[in-house]
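Data block below; observations after.
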Amino acid sequence: MSYQGQFRLWRGDHVSGELTDFTAEVNEGEVVLDVVHRLQATQAPDLAARWNCKAGKCGSCSAEINGRPRLLCMTRMSTFAPDDVITITPLRAFPVIKDLVTDVSFNYVKARELPAFAPPKDLAPGEYRMQQVDVERSQEFRKCIECFLCQNTCHVIRDHDENKPEFAGPRVFIRAAELDMHPLDTRDDRKELAQAEQGLGYCNITKCCTEVCPEHIKITDNAIIPMKERVVDRKYDPITWLGRKILRRDQLAERA
Amino acid sequence: MTKYTRREFDVVVIGAGGAGLRAAIEARLAGKRTAIVSKSLFGKAHTVMAEGGAAAAMGNANSKDNWQVHFRDTMRGGKFLNHYRMAQLHAKEAPDRIWELETYGALFDRTPEGKISQRNFGGHEYPRLAHVGDRTGLELIRTLQQKIVSLQQEDQREHGDAEAYLAVFAECTVTQLLTDGGKITGALAYWRHNGEFLVFEAPAVVLATGGIGKSYQVTSNSWEYTGDGHALALRAGAALVNMEFLQFHPTGMVWPPSVKGILVTESVRGDGGVLRNTDGNRFMFDYVPDVFRKQYADTEAEADRWYTDPENNRRPPELLPRDEVARAINNEVKSGRGTEHGGVLLDVSTRMSAEVIVKRLPSMYHQFKELAGVDITKEPMEVGPTCHYVMGGVEVDPDTTAASVPGLFATGEVSGGMHGSNRLGGNSLSDLLVFGRRAGQHAGAYVDTVIARGTASDSAVAEGIAEALTPLGVTDGENPYQVQSDLQATMNELVGIIRRPDEIEQALTKLEELRKRASQVGAPGNRIYNPGWHVALDLKNLLLVSECVAKAALIRKESRGGHTRDDFPKMSPQWRQRNLVCRLERGGVPATERVAVTEQPVPTIPVELLQLFDRSELAKYLTEAELAVLGPLEPETRLEPSKGGEQA
């Protein structure tokens with residue numbers, strides 16, 4: 001069942017690099033990450049690649065396989081023909097550190113800019129009551145393993161670094177939606193914030209993020225579109241519109 | 001001399017899994033400048049692999065549950081070798097720790113009344129595990145991560161610097177603890193991304209580095225689990241306790257080979273899944289040990305009724321503690337009743353509708369479908385034991401988590417004592433919350449008592465850096481990956497589930513050879529994100545913890561929990577009174593370090609805690625002399641004289 005597979009891996013650092021050819025053994029049932037490990041152990045000990053759980057639960061081993069953003073640990077070798085050349089490259093939207101490892105700090109910076117869960121002040125720990133049906137909407141987004149494939153594939157920033165300061169990306173939008181739909185979160189300006197500070201408006205719903213999500217979260221349909229729709233509702237609500245005209249943004253935030 | 005930077009903190013937490021993050025939160029809440037140092041990216045810890053849930057006697061599913069019942073179950077699971085005080089604190093505080101997570105934004109599954117739902121698990125008398133489907137660990141890590149972000153947002157508002165009191169050093173590996181006059185002064189670390197060194201200067205260090213699973217070939221653990229904290233503690237002068245006890249989780253994937261060892265959550269059995277051998281028998285009924293016979297069903301009919309009527313029926317034997325189930329599977333396979341890939345069959349497809357399976361076990365459905373091409377709603381899973389958890393760890397004070405070295409604290413899997421000889425499923429997530437909080441709290445309090453902070457001398461730092469750099473640039477050295485793989489094979493084959501003294505001796509000889517090879521490993525390439533170099537450094541820790549496991553396993557002449565001796569198949573009440581403690585004989589250069597094991601009495605369980613059990617049950621674990629504290633036997637509880645041990 002084993003065969004010698006052909007691989008092309010991007011090797012290099014933030015300055016320069018190139019695709020390097022490798023031939024490696026492939027065995028039944030293996031995933032691409034197994035081959036990367038074999039290369040490290042036998043041919044390229046300093047080949048840099050991130051991984052942790054090897055079971056699609058931690059979101060560490062994100063890369064691009066034949067140009068498609070994937071988890072290395074969840075891409076089975078059996079999805080390729082034995083004579084296919086498999087090209088593995090680092091995530092394109094982030095700066096390369098070395099080989100398949102990129103600097104993903106952008107995502108952590110954006111996460112820190114999103115206001116945290118605002119717990120109800122009148123409920124003590126242990127007094128929280130929520131219905132399953134109400135928590136499920138947010139639970140879908142909390143399945144996110146932070147692999148950042150959605151961030152990587154999003155065309156707003158994939159080849160446009162200049163949009164990064166303004167745009168938080170799908171990962172952060174589902175966090176905003178999750179908190180917006182959280183039954184006990186006390187802020188009611190999550191959608192406005194997504195529009196005003198996270199760059200939700202840049203998204204034109206091409207659903208690329210949804211397509212690459214290894215957790216099959218319906219990022220566009222269940223998070224982004226509802227957030228956009230309700231922003232539209234409120235923007236055209238005359239009272240809200242008036243409030244926005246009279247108050248500065250920091251006052252609006254305080255009111256929330 | 002190689003350049004390095006110094007950073008000053010009050011508390012440095014090593015490890016960013018659940019225990020480390022919870023400790024850091026508490027230290028920050030106490031106003032301490034806190035660093036979190038993590039080998040991986042922030043939020044990627046092994047905690048995400050905990051699937052089933054966090055055990056806490058909230059009594060939401062069964063109002064009879066309380067801390068005493070949880071304490072009892074924990075002690076039974078650990079075969080009474082647990083540090084009673086840790087088990088008591090854990091059982092008492094777990095509910096508060098879970099409820100607290102809701103104030104951080106966690107969204108657990110709910111009961112119809114809107115409370116946190118609780119599920120059944122092995123060894124727990126009542127449904128007790130707070131959960132989110134089968135991805136509870138992810139929920140926990142994300143919740144703690146987001147709480148840290150929210151504290152950083154507060155600091156940004158108040159001090160204009162998000163990292164003023166809580167800084168995360170991701171992809172940064174600690175190679176050494178720094179001490180001065182026997183007290184902690186900090187830690188030496190390198191950045192994985194550029195190989196540059198930094199010194200953390202802090203009077204208090206919290207170890208929260210997890211376990212040692214990477215010393216085994218078949219394991220559910222990731223590359224990170226190389227016993228770093230265990231080894232750091234030993235080299236700093238602290239002691240490890242109970243290192244012979246390793247938990248082999250009964251259900252890891254066995255096929256295809258590339259996924260061998262990956263965890264299949266116990267929730268599969270908690271929710272109704274059953275184990276069968278290839279003859280189609282539910283074999284667990286043949287493996288109920290005497291100590292558990294009262295609590296487990298002896299017919300399939302009763303076991304099946306239990307899921308809907310737990311009041312009037314006993315539990316299915318699939319839900320025995322993990323050590324029992326792992327040994328049973330091991331025996332079935334060895335007796336020729338296993339699958340061609342060396343596993344048994346775990347089936348939910350004939351037990352629940354496809355819809356329920358996908359809803360309750362979504363990540364298992366996903367994992368088998370994507371990695372093995374198996375649809376668990378239609379066919380059984382193939383499973384077998386996998387190295388999952390080390391019960392042993394740093395010996396700590398139960399209330400403060402302090403190790404014997406002043407300024408050193410340990411929490412979570414890296415600490416020892418809480419779980420005795422075997423951990424119950426679900427008790428890990430609650431353990432890391434309860435003792436993570438205590439570690440942060442007491443590390444912070446310790447800092448307040450330190451009058452003069454020590455500093456690490458430049459020469460000590462230079463020595464540590466030179467040692468860490470040794471493998472780099474050696475082009476004709478041993479391949480570190482090969483040494484690691486040989487080490488894993490050695491431990492798997494010779495100090496595995498069933499242990500024989502001659503094999504353990506062999507393992508110790510091999511470890512000696514591996515130690516020599518490890519001192520000659522070479523890592524081509526430079527310091528920038530160089531996995532070969534990282535593996536070379538991890539090897540030293542793996543070797544040291546493997547030596548602890550093997551040496552302690554050779555000494556303990558009984559079978560208990562995660563330690564099964566072929567030549568001593570029974571539990572011994574005399575051995576229950578003894579802990580094995582590992583220390584480093586000579587510190588300093590790794591080539592000369594050796595582990596010394598000594599015996600030490602297990603702390604005496606107070607009478608009021610013993611009284612939570614039936615005397616007849618205690619008689620299965622304790623000696624006659626120990627039972628005497630309970631007073632003379634009542635006529636109705638008089639039993640046959642203890643045979644001095646039970647089949648483990």
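The residues neighbouring A:D159, those whose beta-carbon lies less than 14 Å from its own, together hold a net charge of 0 under the Lys/Arg +1, Asp/Glu -1 convention. Across region A:3-102, the fraction of Cα-Cα pairs farther apart than 18 Å, rounded to a whole number, is 41%.
Consider a paramagnetic label point 7 Å from the Cα of A:R129 along Cα→Cβ; state which residues of region B:113-131 have an amide N under 16 Å from it. Within reach of a label on A:R129, which here means backbone N under 16 Å from a point 7 Å along Cα→Cβ, region B:113-131 contributes B:113-117.
Here r is the Cβ-Cβ distance between B:K64 and B:D96 and R0 is 25 Å; the resulting FRET efficiency, rounded to 0.05, is 0.80.
Taking only the C-alpha atoms of region B:198-294, Rg followed by Dmax gives 19.0, 61 Å.
Proximity of backbone amide H atoms, modeled 1.01 Å from N, is registered between B:T185 and B:L178, B:T179, B:D180 at under 5 Å, excluding neighbours fewer than 5 places apart on the same chain. Once you divide the Cα radius of gyration of region B:416-496 by 2.2 N^0.38 Å, the number left is 1.78. In chain B, helical runs assigned H by DSSP with n ≥ 4 each contribute -39500 (n - 2.57); averaged across all residues and rounded to the nearest 500, the mean residue ellipticity at 222 nm is -11000 deg cm²/dmol.
Taking other Cβ atoms within 10 Å as a rough exposure proxy, B:H70, B:H419 sort from fewest to most as B:H70, B:H419.
Close amide H partners of B:I116, meaning residues 5 or more places away or on another chain with modelled amide H under 5 Å apart, are B:T111.
For A:G29, the shell of other residues with beta-carbons less than 15 Å away shows a net charge of -2, using +1 for Lys and Arg and -1 for Asp and Glu.
In Å³ and rounded to a whole number, note down the convex hull volume per residue for the Cα atoms of region B:250-388.
That works out to 104 Å³ per residue.
The coefficient of translational diffusion for chain A, derived via Stokes-Einstein from the alpha carbon Kirkwood radius under 25 °C and 0.890 mPa s, stands at 121 µm²/s. Computed over chain B, relative contact order equals 19 percent, with contacts defined as Cα pairs under 8 Å that lie 6+ residues apart. Stretching the chain fully between B:E355 and B:T2 yields a gain of 121.1 nm (0.36 nm per residue, less the alpha carbon separation).
In a reduced charge model with +1 at each Lys and Arg Cβ and -1 at each Asp and Glu Cβ, the protein assembly as shown shows a dipole moment near 760 debye about its Cα centre.
Evaluate the Debye formula for region B:475-560 with equal point scatterers sitting on the alpha carbons, no solvent, and hand back log10 of I(q)/I(0) at q = 0.12, 0.15, 0.16, 0.23 Å⁻¹, in q order, two decimals. Debye intensities relative to I(0), on a log10 scale: -0.39, -0.56, -0.62, -1.03.
The spacing between region B:527-596 and region A:31-64, judged by their C-alpha centroids, is 28 Å. Would you mind estimating how fast chain B diffuses translationally, via Stokes-Einstein at 10 °C and 1.306 mPa s with the Kirkwood radius over Cα pairs, in µm²/s? For these conditions, the coefficient is 64 µm²/s.
Counting only other chain Cβ atoms within 10 Å of each residue's Cβ, the peptide A:67-74 averages 1. Close amide H pairs (under 5 Å, H built 1.01 Å from N) link B:R499 with B:T564, B:R565, B:D566, residues at least 5 positions away or on another chain.
Comparing A:C53, A:C203, A:C150 in a Gaussian network model of chain A (Cα springs below 10 Å), the most mobile by mean-square fluctuation is A:C53.
Relative contact order of region B:286-353: what whole-number percent is it, with Cα pairs under 8 angstrom and at least 6 residues apart? Averaging sequence separation for qualifying contacts and normalising by length gives 22 percent for region B:286-353. Think of each Lys and Arg Cβ as +1 and each Asp and Glu Cβ as -1; about the Cα centre, that makes the dipole of region B:503-609 roughly 160 debye.
Using C-alpha pairs under 8 Å with a sequence gap of at least 6, the mean separation divided by the residue count of chain A gives a relative contact order of 16 percent.
Given the options A:V104, A:V35, A:V15, which has the most mean-square fluctuation in a GNM of chain A, springs set between C-alpha atoms less than 10 angstrom apart? Maximum among the listed residues: A:V15.
Whole-percent P(r), the protein assembly as shown, all Cα pairs, 10 Å bins from 0: 2, 12, 23, 27, 21, 11, 3, 1, 0. Using the Karplus relation 6.51 cos²θ - 1.76 cosθ + 1.60 with θ = phi - 60°, the per-residue 3J(HN,Hα) values for region B:182-193 come to x, 10, 5, 10, x, 8, 9, 9, 10, 6, 5, 6 Hz, with x marking Gly and Pro.
Annotation: lysines with alpha-carbon distance below 29 angstrom to B:K620 (same-chain offsets under eight excluded): B:K64, B:K79, B:K92, B:K294, B:K334, B:K551, B:K557, B:K570, B:K643. Restricting the GluC sites (Glu not before Pro) of region A:20-60 to loop positions (DSSP other than H, G, I, E, B) with no more than 16 neighbouring Cβ atoms within 10 Å leaves A:E28.
Restricting the GluC sites (Glu not before Pro) of region B:498-587 to loop positions (DSSP other than H, G, I, E, B) with no more than 13 neighbouring Cβ atoms within 10 Å leaves B:E585. Working note: Karplus 6.51/-1.76/1.60 with θ = phi - 60° gives region B:12-21 the couplings 10, 9, 9, x, 10, x, x, 5, x, 5 Hz, where Gly and Pro are set to x.
No lab work stands behind these numbers, since they all come straight from the coordinates. Everything quoted here is computed from the prediction, not taken from an experiment. Positions of Cβ are generated from backbone atoms using ideal geometry, with glycine treated the same way; all protein chains shown enter the neighbour counts.
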